[in-house]
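Read-outs throughout are calculated quantities, based only on the coordinates presented, and are distinct from any laboratory measurement. In this text, all values refer to a predicted model and were calculated from it rather than measured experimentally. No Cβ is skipped: glycine too gets one built from the backbone with ideal geometry, and neighbour counts run over all protein chains shown.
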Amino acid sequence: MQTTNTKRGQFTTKIGIIMASAGSAVGLGNIWRFPYETGENGGAAFILIYLACVLFIGMPIVISEFVIGRRGKVNTSGAFRVLAPGTPWYMVGMLGVLTGIIILGYYTVVAGWTLEYIMQAAIGGFAGKSPADFQSSFVEFSSHSFRPLLWLAIFMFMTHYIVVSGVEKGIERYSKIMMPMLLVIMLVLVGCSISLPGASKGLEFLLKPDFSKVDGSVLMSAMGQAFFSLSIGMGCLCTYSSYFKRDVNLARTALSVVSLDTLVAILAGLIIFPAAFSVNIQPDTGPSLIFVTLPNVFQQAFGSMPILSWVFSVMFYLLLSVAALTSTISLHEVVTAYLKEEFKISRKKAAWIVTLFCLGLGVIASLSLGEWEEAKVFGMSFFDFSDYITTKIMMPIGGILISVFVGWWMDKKDLKDEMMSSGELKKSFFKVFAFVLKYVVPLGIAILFINGMGWM
Ligand code: PFF
């Protein structure tokens, strides 16, 4: 199957490129998953390990994926085929496509929850409730057999619509407006949260590391979170960079995306933990953490001004769902671009296949939290299993293969050419980058992985 480069879309402006890539990276991973993983893994020590993973493993992989995608100019699997013809490397791309399919299924379930919360916020459903009420409403809602499915379907079709409208019109335009709005509203919420009574304990939890509880599983969780949050190890950024122009500076773009992503995660932590400690919600509550904690913030921080509480809660969930949308779009795009280009079908048809298949997976994931609770996969609900296998196994394996491909297999001249396409890069930077990519990334992932699996 030969792929063609003709008539592909392109992102048009540099800021649009950064926003679209950051739009993929910033999402539920930062605002929903990062806080509860931090809470379950002990707080500040986890965050420091996470930051090290982002810097030494995440950043080099982001650059590598950009290089592969822009050089190949096709979907992720096709890009490996273009760069390494006649070898099995294209299978790394296929692994990424499979990872994308699984993530899109369960991710859209949570994205659907955000729609329910927009509605609840809008109709004043938080008013007069206690922290315990928020907890029970969440459990009742997420295990309900119909409502979450309805929101899931709505979210999946919104994603579908934008992916079908194409790269320039759909993805870039939406990301450019919404990302900055999200940042502003998060800053305001940080202010609200840290001024709640008893918030300082939450800050301590975030800032005072206790390494005594760090074990292999904490290390693996931190690495998994870095992969998930940065959208790496599965060809998502390869797919996006295949739409980048030559004059985009890949290292600088990577730095902007990684910094923004990290900033949003830290802000989310600064919103959630002071508030959680203030109303006595346990930090290790798990996936319900933000859905139970945040309504309290809106209630208490603006208690005397219900209108402000209304505005902020509606805006927050709205922007959270938009952040989730720019991520589901990127997940969908990985699979759609693959089907379209590898099987020579129309964009529309490819998108329909992805939408319907992932909707099916999403339904199973959603029901596995309620009606089908008894059915376990390796002792986990299908929802938890989808999260576990992708973030802790498939993405890290993808990450090792990508770093080995760019660090060891790819021609140095090609790598330099891509990295210097928009001007000279400092020689010393390139040397350090090549070293980290060749040794630190694959060995680091392997060690954390083996440790986390308890094999060492
Ligand atoms: N990075 C996204 C988030 O943090 O919400 C999730 C994600 C998007 C993972 C796209 C993987 C991906 F390809």
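For Val377, the amide hydrogen comes within under 5 Å of the amide hydrogens of Phe382, counting only partners 5 or more places away or on other chains and with H modelled in the peptide plane.
Between Met420 and Thr13, the modelled labels are 3.1 nm apart [label points 7 Å from Cα along Cα→Cβ]. Once the Cα atoms are used to define both axes, helix 14-25 deviates from the longest principal axis of the chain by about 60 degrees. If the limit is 22 Å between Cα atoms, which of Lys213/Lys392; Lys245/Lys349; Lys73/Lys340; Lys340/Lys413 go over it? Pairs exceeding 22 Å: Lys245/Lys349; Lys340/Lys413.
Its convex hull of Cα atoms gives region 289-333 a direction-averaged projected area, equal to a quarter of the hull surface, of 3.3 nm².
As a proxy for reagent exposure, ranking Ser327, Ser428 by other Cβ atoms within 10 Å from fewest up yields Ser428, Ser327. The phi-based Karplus calculation (6.51 cos²θ - 1.76 cosθ + 1.60; θ = phi - 60°) puts the 3J(HN,Hα) values of region 70-83 at 6, 5, x, 6, 9, 4, 4, 5, x, 4, 5, 5, 5, 7 Hz, whole numbers, x for Gly and Pro. Computed from Cα positions, the angle between helix 173-194 and the longest principal axis of the chain comes to roughly 40 degrees.
Placing dummy labels 7 Å off each Cα toward the beta-carbon, the span from Leu356 to Ser212 is 5.8 nm. The HN-Hα couplings worked out from phi for region 106-123 by the Karplus form 6.51 cos²θ - 1.76 cosθ + 1.60 (θ = phi - 60°) are 7, 5, 5, 4, 5, 4, x, 4, 5, 5, 4, 6, 4, 5, 4, 4, 5, 8 Hz, whole numbers, x standing for Gly and Pro. When each of the peptides 149-162, 72-85, 104-117, 234-247 is scored by how many other beta carbons lie within 10 Å of its residues on average, the order from highest to lowest is 104-117, 234-247, 72-85, 149-162. Per-residue ellipticity at 222 nm, computed for the chain from helices alone with -39500 (n - 2.57) per DSSP H run of at least four residues, works out to -22500 deg cm²/dmol.
Residue separation of Lys438 and Ser165 scaled by 0.36 nm, minus their Cα-Cα distance, works out to 94.4 nm of gained length. Normalised by 2.2 N^0.38 Å, where N is the number of residues, the C-alpha radius of gyration of region 61-195 stands at 1.43. With neighbour counts taken as other beta-carbon atoms within 10 Å, the residues Val139, Val258 rank, fewest first, as Val139, Val258. Using a 7 Å offset from Cα along Cα-Cβ at Arg246, what residues in region 42-82 end up with backbone N under 13 Å from the label point? Those under the cut-off are 71. Seen through its C-alpha gyration tensor, with square-root eigenvalues sorted a ≥ b ≥ c, region 211-346 comes out prolate because a/c lies at 1.5 or above while a/b is bigger than b/c. Overall, the anisotropy analysis places region 1-148 in the prolate class: the square-rooted eigenvalues a ≥ b ≥ c of its C-alpha gyration tensor yield a/c not less than 1.5, with a/b exceeding b/c. Backbone N atoms of region 297-317 closer than 20 Å to the 7 Å Cα→Cβ label point of Val190 belong to residues 297-298, 301-302, 312-313, 315-317. Across all directions, the shadow cast by the convex hull of region 146-248 built on its C-alpha atoms averages 11.5 square nanometres. Per the Cα gyration tensor, the chain maps to an equivalent ellipsoid with semi-axes of 35, 24, 21 Å, ordered largest to smallest.
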